[in-house]
Amino acid sequence: MRRVVIENAHVATVSGDEYPGGHIVVEGDRITSVGPGPAPETGAGPGEVERIDGTGCLATPGLVNSHHHLYQWASQGMAVDGTLFEWLTTLYEPWSKMDAEVVAGAAAAGLGWLAKSGCTTSTDHHYLFPKGRGDLFAAEIEAAREIGVRFHPCRGSMDRGESQGGLPPDEVVEDLDTILAETEAAIDRYHDPSPGSLLRVAVAPCSPFSVTRDLLVESARLARAKGVRLHTHLAETLDEEEHTREQFGMTPAEYLDSIGWLGPDVWLAHCVHLHDTDVKRLAETRTGTAHCPSSNARLGAGIARVSHLLEAGAAVGLGVDGAASAELVPLAGELRQAIYMQRARYGPAALNARQALEMATLGGARCLGREDEIGSLSPGRLADIALWRVDGFRAAIDDPVIALAFGPTPPLERLLVGGRTVVDGDTLVTVPQDEAGRRGADAHRRLMRLAEEVL
Ligand SMILES: [Zn+2]
């Protein structure tokens, strides 16, 4: 069995103690020992153990990205000054022409970039399935397998196109029966519920304002029958609240609550505009929130009430959101973005470095229903570990967690996913790093070419 021993690192377990000069032992895909001082003897011969000297490094659980749209790598830097609705209506045009090749390249670059910022588990919310353009869902799953991160793709959907008063063009929306059949097929084909799983599928209609009530209700029924999780966007902008108040006489959160969409098997992206009663309801139903501070700032959506959600005991994870609304955002950088935005709005005690680290790890794991397996460092947990270099210029800060959370993303000495090295010496090693970047650029150029084609 493969063994890895990390010693002399500052180990932040997140779920419990921190050990300056501590150790972590990995056997196979699991952690077998975490604690102060040198590692206990493993009984293995010298050739059977890889020893990593963590001097000058901080070890944390691998970060969990709880909300993303990988395809957007191909459409970054566009509609840069618009509101969410203006941005969406501009981008639906090129998005409606994307094919499996675009998604494959965008996902390889997006996941490679995430791994480089300490992410060991990522979700993805893919909700655009233009007809006749290949198997887009399969393309991103293949990319995740190549990069080597744990992957929770959400089979998204939209069923309200322009002709039904929705925002997206009709060619990217699907009808209810097709969505349910395709989503069920995706779960049957890919979802792996076994312990240590590298791939779990969730059901994810795009947002309450882009789908019908029937789709939300039927999606929840399907997900619960199959034992998979539910995800959507919620309360990202005030426009959305206007819409649900007009249509249903409720806030977006009340609307979801009224159709059985709050619960421990649900996590929601953004939740920027919440009322006190909504915050309380999310906490008492154990509904998760994926906080994406850079995206919220980039689109001028607002500042989510993350500190209030945490205070109420709700599960909150961090996410980068799609690269089209948060260009080149590293997941580790969202710790600082989250801290700064909460403090700018609610004062210096609103969010601290360790709370932000917990959101980025255990909070995300709770959103994905995997807090027993990932998001913390302890014996029995999966060996998803980020080893950050906090020496050099960073060494003037005594507390390495502050260096990670307050400073720019540190270089990664090592990133392990289930004990397997994905990043080594700050370089992606599962696929050539340059190739991942090139594939993302090629995906962008291909999408721009497809967008100009008259069909
Ligand atoms: Zn999103």
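The values are calculated or read from the model by the stated rules, or taken from the named source; none is laboratory data. For clarity, every value in this text was computed on a predicted model and none was experimentally measured. Positions of Cβ are backbone-derived with ideal geometry, glycine not excepted, and every protein chain shown enters the neighbour counts.
Got at least one residue in the range 247-265 being within 16 Å of the ligand (Cβ to nearest atom) and surrounded by fewer than 24 Cβ atoms within 10 Å (Cβ to Cβ)? No: zero hits.
Look through the range 213-250, keep the residues that are polar (S, T, N, Q) and at pLDDT below 95, and return whichever of them is nearest to the chain's Cα centre (by Cα). Step by step, filter the range 213-250, then rank; the result is Thr237. Of all the criteria given as (1) touching a residue at least 12 places away in the same chain (Cβ under 8 Å); (2) in a helix (DSSP H, G or I), the one not satisfied by Gly166 is (2).
Would you say Ala115 is among the aliphatic types (A, V, I, L, M), away from the ligand (no atom under 16 Å from the Cβ) and part of a strand (DSSP E or B)? No; evaluated as a whole, the condition is false for this residue. All conditions but one from (1) part of a helix (DSSP H, G or I); (2) in the same structural domain as Ile31 (by the TED database) apply to Arg439; the one that does not is (2). Right, His23: buried (at least 20 other Cβ atoms within 10 Å of the Cβ), at pLDDT 95 or above and within 16 Å of the ligand (Cβ to nearest atom) or not? No.
Does Pro348 satisfy the condition of being assigned to a loop (DSSP other than H, G, I, E, B) and more than 30 Å from Ala39 (Cα to Cα)? When the stated conditions are applied, Pro348 passes them.
Scanning the range 290-330 for residues that are within 15 Å of the ligand (Cβ to nearest atom), in a helix (DSSP H, G or I) and touching a helix residue (DSSP H, G or I) at 6+ places or on another chain (Cβ under 8 Å) turns up Pro293, Ser294, Asn296, Ala297. Within the range 144-163, the set of residues being closer than 15 Å to Ser207 by Cβ and without any contact (Cβ under 8 Å) to a residue 40 or more places away in the chain comprises Gly161 only.
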